[in-house]
Amino acid sequence: MDDTRLISVSLDGGICEWDITYGDTLADYEDRSTHFVEAVLSPDSESVYVVTGSESLREINLMDEEVFCSIFFWNLIIVRC
């Protein structure tokens, strides 16, 4: 795991991976048809898991801009610790 990376998401459909040491953008992803509310980088730094405003969870590879899976969780209860 690399502690020099940060993932940011926006309500206008943007995901950005940052190198916080130098302030550089490492990868960008845009999907203007949705908005992202939360994200986490996978331990191997290959994928980003994002939660959308339409209650889905997506696994996205930022380098290839490929969505591996999208799961809707309408019936799940999400508890924040």
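A few remarks follow.
- Selection within the stretch 18-27: residues that are part of a strand (DSSP E or B) and out of contact with any Asp or Glu (no Cβ under 8 Å at 6 or more places or on another chain). The member of this set that is surrounded by the fewest Cβ atoms within 10 Å (Cβ to Cβ) is 24.
- Of all residues making up the stretch 32-64, the number that are buried (at least 17 other Cβ atoms within 10 Å of the Cβ), of a type in the set (A, V, I, L, M, F, W, C) and not in a strand (DSSP E or B): 1
- When the stretch 1-17 is limited to residues that are in a loop (DSSP other than H, G, I, E, B) and either charged (D, E, K, R) or in contact with a helix residue (DSSP H, G or I) (Cβ under 8 Å, 6 or more places away or on another chain) (or both), the one that is farthest from residue 48 (Cα to Cα) turns out to be 12.
We did not get these values from a lab; they are worked out from the coordinates using the rules stated. Computed from a predicted model, the values in this text were never measured in an experiment. Cβ coordinates were reconstructed from backbone atoms using ideal geometry, including for glycine residues, and neighbour counts include every protein chain displayed.
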